[in-house]
Every structure is written in structure tokens, then in C-alpha cells.
1. So which of Ala159, Ala154, Ala186 is under 21 Å from Gly325 (Cα atoms), open to solvent by 60 Å² or more (accessible area, probe 1.4 Å), of a type in the set (Gly, Ala, Ser) and not assigned by TED's automatic domain parsing to the domain that holds His22?
2. Taking interchain pairs and intrachain pairs at least six residues apart, which have beta carbon atoms under 7 angstrom, with the first residue in segment 352-373 and under 23 Å from Val122 (Cα atoms) and in a loop (DSSP other than H, G, I, E, B) and the second of a type in the set (Asp, Glu) and open to solvent by 20 Å² or more (accessible area, probe 1.4 Å)?
3. Considering every residue within segment 268-278, establish whether at least one is within 13 Å of the ligand (Cβ to nearest atom) and farther than 25 Å from Leu112 by Cα.
4. Look at Ala258 and say whether it is more than 13 Å from the ligand (Cβ to nearest atom), closer than 26 Å to Glu95 by Cα and open to solvent by less than 10 Å² (accessible area, probe 1.4 Å).
5. Quick one: Ile136 ticks every box in (1) out of contact with any Cys (no Cβ under 6 Å at 6 or more places or on another chain); (2) open to solvent by less than 10 Å² (accessible area, probe 1.4 Å) bar one, so which box is it?
6. If I ask for residues that are in contact with a helix residue (DSSP H, G or I) (Cβ under 8 Å, 6 or more places away or on another chain), of a type in the set (Ser, Thr, Tyr) and open to solvent by 10 Å² or more (accessible area, probe 1.4 Å), which ones from segment 303-355 would you list?
7. Out of the residues in segment 200-221 that are within 16 Å of the ligand (Cβ to nearest atom), of a type outside the set (S, T, N, Q) and more than 21 Å from His163 (Cβ to Cβ), state the one that is surrounded by the fewest Cβ atoms within 10 Å (Cβ to Cβ).
8. Any idea which residue in segment 238-255 is farthest from the ligand (Cβ to nearest atom), counting only those that are under 18 Å from Phe324 (Cα atoms) and charged (D, E, K, R)?
Amino acid sequence: MTSLTIESVRTVLVDLPLRRPHRFKSTSIEHQSFLIARIRTADGIEGIGEAAVPGGPWWGGESVETMKVIIDTYLAPELIGQDASRVDYLMHRLERVAARNSFAKAAVEMALFDACGQALGVPVHQLLGGLYRESIPVTWALGAEDADIVIAEAEEKLATGQHASFKLKMGAIEPSLDANRVVSVAKALGERASVRVDLNAAWDESTSARWLPALEGGGVDLVEQPVPGWNVEAMRRLAAALAIPIMADESLDGLPGAFTLCRAEAADIFSLKVHKLGGLSATRKAAAVAEAAGLPCHGGSSIESSIGTAAAAHAYAAIAGVTFGCELFGPLLLAEDLVTEPVRYADGALRVPHGVGLGVRLDESKLARFARD
Ligand code: MN
């Protein structure tokens, strides 16, 4: 094996245009921003990693701008001169100098795994337990737009045979209007597709108790994070009251959060996400907590490019419990990508890359074109 001594850690911010605007509860985006981490070893191997947040710091507090400062100022000095193959050891070092900042740490860890995979000549999924599945069904994300816009987009996806399930963002408008909007979408799609909703913590418990049963009665199959992440007790009461599953996303912000949710019986499904959990190893650990509690997992997304999507695909494909598919739709929403060969989709599913490391390589000309000055 070659020397994996880390010589340099570089970061760059990139903004890529979307194919269409994407509306969340508190913002609408036409570009998605990325932090790209490049870790170079003494033998000239370069591992790449990426972090993105869904349109800004509203989701979890981090932004690509804060990630760059944290990595450049605090994380990089802990990595220089160290052996890139000691991934868990290095992540513990990073934890000692910077609390939280899980998205920034995930970008770094991704680059370490990419470098290790290249050095060993294996894809990253082989470092994570090996392939459990070769492709992962993808739920298509529909923005918090008016019903007619959402229905038209869903019909187009159904007509072309892609995506049998849709996730609608909610929380941008008044609850009764929002619930009626979603029910009309679910009715229009009927038995032809599974309709799921993500409140992104927009409602309080009483609003949820008032309107979630209406969504359930209107044909919605799954509700994601109706109340704030900290309100595990409300999640427990809502999960007990509804027949459809409640999926935890913002509440599942780390391993202690995973354990708390299971102990409180406050979620029916875990939405794993490589970035919020702080890396590929942490994602496997969170899935193990779910497995211990008998809960299935879904492969979440922060709207990554092909780099972060490939990394998440390696992790989700290696975890048996990811039985609720994934939402790794980032490369399909982006009008441009950052790699020479983007990840591939077929029959509504993401194919797990087979190349060494992450299985995707940076396109330097694209990076130069979309990088911030
Ligand atoms: Mn979510």
C-alpha cells in the first residue's frame, strides 16, 4: 500500500444552477452551493469530498461558508501529516477541536474514504461492509409549490416511467391551505404513486394533531418531521396517533438523538443523511441503532452533486436496513455537475458507482467555471 500521509487539505466553494427553482418552507433556490474538500497524500492521491445544505443555513445552522472557515482554520491543521487511512481516529481528532459542524466533518471524511479506496483499488462501499444492493429506488422531491404545478411535474415523471414515489415539501403556507394542497395532489395521483410529505419541523404539536389525520385520510403514505427536532415527546404522541409512519429527520441529528428516538418510540423510520450525521461511518452507526430498535431506514439527501450522491450511495447500498429507498435526486435537479461522469439512474433507481474510491472524478474545467472567486 502506498503512503497515505496527508500533505494538503484544500477547500473551494461552488454554485451550480438548478433545472428548476426548488421551494422549501423558508426559502426558494435557483442555485445549489457546495463545499468541495480536496485531500492530497504524499504519494499524489487526491481524495475528494463534498458538503451541501438544502439552500442555506435554515435547516441545521451550517452553511457552505461556515464549513470553509471551520475546515481551513481548525480541521485541516489536525489532518496534515496524519495517515488518511485512520479514518475513525482522525474523526475523533476533529471532534476534539470542533464540536458539531457535522456537515463540514462529513466532507472531510468523504475525502479520506475516497483516498483510501483509491489507494486500495476498491470502491468505497467495500470499505463499508460491501454491497447489500446494487441500486437504490429514488423518491422524487416536489417543492412547496401550488397543487397544479406539483401535479404536472409528478405526471411528467410518471409518464416517463421514473419514480413511483414523491415527497412534497410543506410548511411554506398556512396549514389548512397546505393540507388541502397536498390532499388534492394525493387524490390526483391516486394509486399510481406513493405520496409522502416533509414538514421540515414547520408545525407545532397541536397543528400537527389537527392536520396530519387529514393528510392520512387523504392518501398520504408517510409524514416526515412535522414538529421541531427537539420535540421528541410530540413526535412520540403523533407517531402513536397515526397509522401512517412518521419519519425522523431533524430529530435524528446524531447517535445520541438516534438512541433517544428509539428509547422514546418517537419515530417509525429513520431518515439517514451522511452530512447531518457527520460522515459515512456515523451513518452506519445510526443505522445500527435503528436496527437494534427494529426500525427501517430511508436514505436522505441534502441535495448533493454527483460527488456527495456517490458517497451516500456507497453508504446506503451497504446498509441492509435502508428498505425505504432514498431521495438522492440532487444530480437530477442540477443543470450542471462537477464530475467527468455523473452518477447514473435507471428505472427510477440510482446505480451505485463501481469505480475505485467514490467512483467519480472531479471535472477541473467545471470546477473552475462554477467556483466562487
Ligand atoms: Mn427532511
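The values are calculated or read from the model by the stated rules, or taken from the named source; none is laboratory data. Nothing here was measured: the structure is a model prediction, and the numbers come from that model. FYI the Cβ positions are ideal-geometry reconstructions off the backbone, even for glycines, and counts take in every protein chain you see. Note: accessible area is taken over every heavy atom of the protein model, side chains too, but ligands, DNA and RNA are not part of it. Shrake-Rupley method; radii C 1.70, N 1.55, O 1.52, S 1.80 Å.
1. Numbers: Ala154 fails: open to solvent by 60 Å² or more (accessible area, probe 1.4 Å); Ala186 fails: open to solvent by 60 Å² or more (accessible area, probe 1.4 Å).
Just one listed residue meets the conditions, Ala159.
2. Once the first residue is under 23 Å from Val122 (Cα atoms) and in a loop (DSSP other than H, G, I, E, B) and sits in segment 352-373, its partners that are of a type in the set (Asp, Glu) and open to solvent by 20 Å² or more (accessible area, probe 1.4 Å) give Val352/Glu134; Val360/Glu341.
3. Yes, some residue in segment 268-278 is within 13 Å of the ligand (Cβ to nearest atom) and farther than 25 Å from Leu112 by Cα.
4. On the way: more than 13 Å from the ligand (Cβ to nearest atom): yes; closer than 26 Å to Glu95 by Cα: yes; open to solvent by less than 10 Å² (accessible area, probe 1.4 Å): yes.
Answer is yes for this residue.
5. Tallying (1) out of contact with any Cys (no Cβ under 6 Å at 6 or more places or on another chain); (2) open to solvent by less than 10 Å² (accessible area, probe 1.4 Å), Ile136 fails exactly one: (1).
6. Across segment 303-355, the qualifying residue is only Tyr345.
7. First, the residues of segment 200-221 that are within 16 Å of the ligand (Cβ to nearest atom): 200-203, 208, 212, 215, 220-221.
From what's left, of a type outside the set (S, T, N, Q): 201-203, 212, 215, 220-221.
Those left that are additionally more than 21 Å from His163 (Cβ to Cβ): 201-203, 212.
Values: Ala201: 20, Ala202: 23, Trp203: 24, Leu212: 22.
The residue in question is Ala201.
8. The selected residue is Glu250.
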